[in-house]
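Quick notes on the structure that follows.
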Amino acid sequence: MSTFKVLKFSLYLILFVAIIISCKIFVTQLFFIPSDSMKSSLQKGDIILVNKISYGARLPKSILEIPVINIISFIFFNEEQLKNASDVGWWKYYRMPGFSIVKRNEIIVFNMPNNESKFVVKRAVGLPKDTLKIVDSNVFINNTLINEALSVRKVYSINYNNLFEINQLLDSLSISPIFNSTELNQIISVALNQNQKLTLLKNKSIDSLTTEIEKVDTLNNKFYPNNVNFAWSANNFGPIIIPSKGMHIELNKENYILYEKVINKIEKAHIEELENKYYQNGKEVNSYSFKYDYYFMMGDNRSFSEDSRFWGFVQKKNIVGKVEFILFSKDQKGIKWERMFSEVI
């Protein structure tokens, strides 16, 4: 092969790699769904296509986040060196202009607030400035009950009168009971989306169908803000205002508990509480203004999703993009042909 042909081939190869890298950074990216926290809209084994253009693609925070380069870096650095290098931003965060803003109920891929190396997919339920409240599993935004996606699954108790008929019905809908029932115990717990719920309610073998509400556990405090003063649960949560850029709050005991993680861990304002007074760099302060917009994310499989109810708000810069459709899907039984190239709503 002549020198000219080698040079020509090399240029074509470089151009091809540059196009691939640019598309992955600025246009779209594929992600694998590892769990059922978004069931029914997304299932374990789905490979989804994420649109980065809608909200504006964000630039990599370091050279190690650039595709191809991050693969090559594994050859020269060990795992600990890579982690330390990638945790530090090499330049300031910047997001390209987008064509739209995040809308309520859109399904989004983002980095976990407490572990930015981990990518998560959830639904944006609460937007900046919203007051969010969950009452007996019903979500209220600004005191108005929202229309949730039909794919949202909740756990229900079914009181039935015919065990054989109810089992046949559940099998026909591919619904597995959370626990098995007997003739003596005429109650079954199941996780249902709205369409499944409406179908079951029409069946004569069902006497009643009620939402199961998780009891508040004041000892573990596993729900945000993880404090005994706020005895919240997955089904009863808030009210809480979602921070927005420029939002001003008074610093008091309640607000400090609710927003301390955002103020100090995310925005790094270094505000401390001492004897009911608040100090920033040794100077007493009475209020705080947030620097960024935040979102409240929830999984569709409400009783089996670890989301903002557990770890709090998602900063705008953590958002990767909007989920557009399922490109491919496979489980232990094989390829799910019916899910390929299907829209996600």
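The values are calculated or read from the model by the stated rules, or taken from the named source; none is laboratory data. Quick caveat, the model's predicted, so the values are computed rather than measured. Methodologically, a virtual Cβ is constructed for each residue, glycine included, from the backbone with ideal geometry; neighbour enumeration extends over all protein chains shown.
Against the definition (touching a strand residue (DSSP E or B) at 6+ places or on another chain (Cβ under 8 Å), surrounded by 15 or more Cβ atoms within 10 Å (Cβ to Cβ) and of a type in the set (A, V, I, L, M)), how does Ile257 come out, yes or no?
Numbers: touching a strand residue (DSSP E or B) at 6+ places or on another chain (Cβ under 8 Å): no; surrounded by 15 or more Cβ atoms within 10 Å (Cβ to Cβ): yes; of a type in the set (A, V, I, L, M): yes.
It is false that Ile257 is touching a strand residue (DSSP E or B) at 6+ places or on another chain (Cβ under 8 Å), surrounded by 15 or more Cβ atoms within 10 Å (Cβ to Cβ) and of a type in the set (A, V, I, L, M).
Within the stretch 136-150, does at least one residue satisfy the condition of being aliphatic (A, V, I, L, M), under 19 Å from Phe296 (Cα atoms) and free of Cβ contacts under 8 Å to residues at least 12 places away in the same chain?
yes
Give just the number: which of (1) at pLDDT 95 or above; (2) surrounded by fewer than 16 Cβ atoms within 10 Å (Cβ to Cβ) does Lys92 not satisfy?
Every listed condition holds for Lys92 apart from (1).
Across the stretch 262-297, what is the number of residues that are acidic (Asp, Glu) and either surrounded by 12 or more Cβ atoms within 10 Å (Cβ to Cβ) or touching a helix residue (DSSP H, G or I) at 6+ places or on another chain (Cβ under 8 Å) (or both)? Please lay out each step first, then the result.
Narrowing the stretch 262-297 to residues acidic (Asp, Glu): 267, 272-273, 275, 284, 293.
Next cut, either surrounded by 12 or more Cβ atoms within 10 Å (Cβ to Cβ) or touching a helix residue (DSSP H, G or I) at 6+ places or on another chain (Cβ under 8 Å) (or both) only: 267, 272-273, 293.
Going through the stretch 262-297 one residue at a time, the tally reaches 4.
Of the residues that sit in the stretch 122-152 and are modelled with pLDDT under 95 and of a type in the set (Ser, Thr, Tyr), which one is surrounded by the fewest Cβ atoms within 10 Å (Cβ to Cβ)?
Filtering first and then ranking leaves Ser151.
For the stretch 103-124, enumerate the residues that are over 16 Å from Phe31 (Cα atoms), touching a residue at least 60 places away in the same chain (Cβ under 8 Å) and either among the acidic types (Asp, Glu) or out of contact with any helix residue (DSSP H, G or I) (no Cβ under 8 Å at 6 or more places or on another chain) (or both). I'd like the intermediate steps shown before the answer.
Within the stretch 103-124, the subset over 16 Å from Phe31 (Cα atoms) is 103-106, 113-115, 124.
Filter again for touching a residue at least 60 places away in the same chain (Cβ under 8 Å), leaving 106, 113-114, 124.
If the condition is that a residue be over 16 Å from Phe31 (Cα atoms), touching a residue at least 60 places away in the same chain (Cβ under 8 Å) and either among the acidic types (Asp, Glu) or out of contact with any helix residue (DSSP H, G or I) (no Cβ under 8 Å at 6 or more places or on another chain) (or both), then Glu106, Ala124 are the ones that fit.
Testing Val216 on (1) assigned to a loop (DSSP other than H, G, I, E, B); (2) under 30 Å from Lys316 (Cβ atoms); (3) of a type in the set (A, V, I, L, M, F, W, C), one condition comes back false. Which one is that?
Tallying (1) assigned to a loop (DSSP other than H, G, I, E, B); (2) under 30 Å from Lys316 (Cβ atoms); (3) of a type in the set (A, V, I, L, M, F, W, C), Val216 fails exactly one: (2).
I'm trying to understand the selection: among the residues of the stretch 247-264, which are assigned to a helix (DSSP H, G or I) and free of Cβ contacts under 8 Å to residues at least 40 places away in the same chain?
Going residue by residue through the stretch 247-264, those that are assigned to a helix (DSSP H, G or I) are 253-264.
Across the stretch 247-264, the qualifying residues are Lys253, Glu254, Asn255, Tyr256, Ile257, Leu258, Tyr259, Glu260, Ile263, Asn264.
What number of residues within the stretch 283-334 are out of contact with any Asp or Glu (no Cβ under 9 Å at 6 or more places or on another chain), part of a helix (DSSP H, G or I) and more than 26 Å from Pro60 (Cβ to Cβ)?
3
For the stretch 106-121, which positions are surrounded by 15 or more Cβ atoms within 10 Å (Cβ to Cβ) and farther than 12 Å from Val320 by Cα?
Glu106, Pro113
Within the group Asn70, Asn111, Asn105, Asn51, which residue is over 30 Å from Asn195 (Cβ atoms), at pLDDT 55 or above and polar (S, T, N, Q)?
Of Asn70, Asn111, Asn105, Asn51, the one residue that is over 30 Å from Asn195 (Cβ atoms), at pLDDT 55 or above and polar (S, T, N, Q) is Asn111.
Among the residues of the stretch 226-246, which ones are free of Cβ contacts under 8 Å to residues at least 60 places away in the same chain and not polar (S, T, N, Q)? Even if it seems obvious, please write down each step before you answer.
Taking the stretch 226-246 first, the residues free of Cβ contacts under 8 Å to residues at least 60 places away in the same chain are 226-231, 233, 246.
Val228, Phe230, Ala231, Gly246, listed by residue number.
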